[in-house]
Amino acid sequence: MSDEPAGEAPAAAAAPKRGMFRKAAARLSPDGVERQSRVTLLAWNLLGADAAIAFLNSYNDALEGRPLDLAVASADGCEAVERAITARATGE
């Protein structure tokens, strides 16, 4: 028999607070969101889903960074990533 009053859950079984282990996510600027969408769609259409995901999320030596991060960070980075996607798709 338990020492807990009937109808109450033991303290150890209490659910953790919502978001207890979540990191604070940085919000993208509207321009960053637009650039992210643009390079994601371009990569998806030219490289295919699996190759696009791999390319955008892996460090790229020629770009000296992760393409998705570079595209979101600046217009120049986005243009460089777009050129790299096109070159990869056309075999240049």
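Yes/no per residue for (1) part of a helix (DSSP H, G or I); (2) free of Cβ contacts under 8 Å to residues at least 60 places away in the same chain; (3) not aliphatic (A, V, I, L, M):
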residue	(1), (2), (3)
41	yes, yes, no
45	yes, yes, yes
54	yes, yes, no
62	no, yes, no
77	yes, yes, yes
80	yes, yes, no
85	yes, yes, no
92	no, yes, yes
- Could you tell me which numbered condition residue 66 fails, if it satisfies all but one of (1) modelled with pLDDT of 95 or more; (2) out of contact with any helix residue (DSSP H, G or I) (no Cβ under 7 Å at 6 or more places or on another chain)? (2)
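The values are calculated or read from the model by the stated rules, or taken from the named source; none is laboratory data. Keep in mind the model is a prediction, meaning the values are calculated, not measured. Counting neighbours? That spans all protein chains shown, and the Cβs are built from the backbone with ideal geometry, glycine included.
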